[in-house]
Every structure is written in C-alpha cells, then in structure tokens.
Amino acid sequence: MPETKTISSQTTTTIKGDDITILTKFVQAGNVLPNTLDAFISNEVSSQEGVSYEENQLLIQMKNYPTQIDYTIDDDGSLIVFSNQGDVNKYSIDSEGNLIYTE
C-alpha cells in the first residue's frame, strides 16, 4: 500500500520574459538556520517571487528572521555578512563561488 509523507520544502518562482521557472528545495524540518535560502548576483533583468531586479544586483532570498542578518558587497567586490546572531563565521564561499553555511 502506498505511503504518503509530508516533507518541508521551499518553492521559488522566477519569471524571465515568457518563461516561468518553479524550483522546490528540501528544507530540513525544525531548522531555523540559516536564514539564507539563495544568494546570487543577477546577470539579467528578471523577477523572482514578484520582486523585479536588474543586472549586477545582489539578490538574497531569506526565511524566518530577515532583520537579524544583512548582506552587502564592498568596493572590492567582497561579500560582507552582518548578523546580530553571532554566527557570521559560519558563512563562507566555496571554490565554485557558492555561499555556504556550516552548522
């Protein structure tokens, strides 16, 4: 007999012209950190979850408590993470340029 399971997930929709992309990611249940779901610098004009953006903008998708963490890119192009949770040392960028959070 088939079994039904409910899993925690986060769904993102992106609109580029006439194309709509729907991406669903697994999110571990009960995990409140990290607050950052996705981070990228745009290479085109588009929109995601109803938020429009232009080329070369830093885009951050967050959950839970977005006021507790903030990002910026300094004049040297470095990603700066501000957090009042004391966990900024858990963020890093891997060799492929992905933002990593290590618990």
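The values are calculated or read from the model by the stated rules, or taken from the named source; none is laboratory data. Given the structure is predicted, the values throughout are model-derived calculations rather than measurements. Every residue, glycine as well, gets a Cβ built from its backbone with ideal geometry; the counts of neighbours run over all protein chains shown.
E44 is checked against (1) in a loop (DSSP other than H, G, I, E, B); (2) loosely packed, with under 10 Cβ neighbours inside 10 Å and fails just one. What number does that condition carry?
For E44, the failing item is (2).
Does segment 51-71 hold any residues that are at pLDDT 80 or above and either assigned to a loop (DSSP other than H, G, I, E, B) or touching a helix residue (DSSP H, G or I) at 6+ places or on another chain (Cβ under 7 Å) (or both), and which are they?
E54, E55, N56, Q57
For segment 72-90, which positions are in a strand (DSSP E or B) and either at pLDDT 80 or above or in contact with a helix residue (DSSP H, G or I) (Cβ under 9 Å, 6 or more places away or on another chain) (or both)?
Of everything in segment 72-90, those that are in a strand (DSSP E or B) and either at pLDDT 80 or above or in contact with a helix residue (DSSP H, G or I) (Cβ under 9 Å, 6 or more places away or on another chain) (or both) turn out to be T72, I73, I80, V81, F82, S83.
Please determine, by comparing only the residues of segment 1-32 that are part of a loop (DSSP other than H, G, I, E, B) and among the hydroxyl-bearing types (S, T, Y), which one is modelled with the highest pLDDT.
T4
Inside segment 92-103, can you point out the residues that are modelled with pLDDT of 80 or more and surrounded by 12 or more Cβ atoms within 10 Å (Cβ to Cβ)?
Result: S92, I93.
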